[in-house]
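For reference, the structure is listed below as structure tokens.
Coordinate-derived values only; no laboratory data. Predicted model only: the values in this text are computed from it and were never measured. Backbone-built Cβ (ideal geometry, glycine too); neighbour counts: all protein chains shown.
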Amino acid sequence: MKPSNDSALVLFSGGQDSTTCLAWALSKYQRVETIGFDYGQRHAIELTMRPTLLKKVRDFSTEWNSKLGEDHLIDLGLISQLSHTAMTEEIEISMQENGLPNTFVPGRNLMFMLVAATLAYRRGMNVLVGGMCETDFSGYPDCRDDSMKALQVALNLGMATRLKLETPLMWINKAETWQLAEQLGGSALVELIRADTHTCYLGERGVLHAWGHGCGSCPACTLRARGYEQYIGRAKSSNL
Ligand code: ZN
């Protein structure tokens, strides 16, 4: 298949960030496909949410429905064979001696991009979209802009391609991620993301809080809740 700059493969986990990235890609590219990874994550709830979310994104707009193509779910169980982290095993979330939380899965985002690039090669797609963010990340080195830029060079050299790695959330915080969703699909998209995406590290769905579902106390829930409060606060003050 001839590579096309009009088509993008979105790393889609079913969380707030990747759903916003999917909406961003659908507003920018003519053909969009999604890729998700089963890597033995402790709580696979986000994987079970993906098909529902994709259906809701399709129902959201006829234009998006016509652009959204295949979803690819890839088994990356080898990640849990290789590493020992709070994301893949029943161990408590804590800070490690190297200053990184033990929710960091070494090599995960690098492997995700490598696998996505391999699939994009076969599917004739030239753009990879990921929700990596350097602004309010937990210090994960594979979320850094430099890591992604270096990886883009390595992938293109190694496969003789002209792939572009797009990270629309790289320089915005969580409040601005909610704002971006509003720009892309209005309050209806914000509501879809609030009610149907999953971010909680502990895999808790539970009640629907103002900011969405989750335990409310893990680092991912805390970040999501704080961002939502800031977003709502800003929206209120701009309406005064
Ligand atoms: Zn949580």
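The modelled label-to-label distance for the pair ASP38/ASN98, using points 7 Å beyond Cα in the direction of Cβ, is 2.9 nm.
Taking the convex hull of the alpha carbon positions in the chain and averaging its projected area over all directions gives 13.0 nm². Ranking LEU53, LEU202, ASN98 by Cα position along the charge dipole of the chain, where only Lys, Arg, Asp and Glu carry charges on their C-beta atoms, puts LEU53 farthest toward the positive end. The magnitude of the dipole of the chain, with charges of +1 and -1 set on the Cβ of Lys/Arg and Asp/Glu and taken from the Cα centre, is near 660 debye. Counting charges near VAL127 (Lys, Arg +1; Asp, Glu -1) among other residues having Cβ under 14 Å from its Cβ returns a value of +3. Taking the chain as the region of interest, the number of lysine pairs whose Cα atoms are within less than 23 Å, with members eight or more places apart or on different chains, is 16. For the peptides 178-185, 29-36, 146-153, 12-19, the ranking by mean Cβ contacts within 10 Å, running from highest to lowest, is 12-19, 29-36, 178-185, 146-153.
Projected label points at ASP136 and LEU78, each 7 Å from Cα along the beta carbon direction, are separated by 3.6 nanometres.
Subtracting the Cα-Cα distance of ALA160 and ARG226 from 0.36 nm times their residue separation leaves 19.5 nm of extension gain.
Amide H to amide H under 5 Å from ALA8: which residues, 5+ apart in sequence or cross-chain, H placed 1.01 Å off N in plane? Residues meeting the criterion, in which the H sits 1.01 Å from N, are ARG31, VAL32, GLU33.
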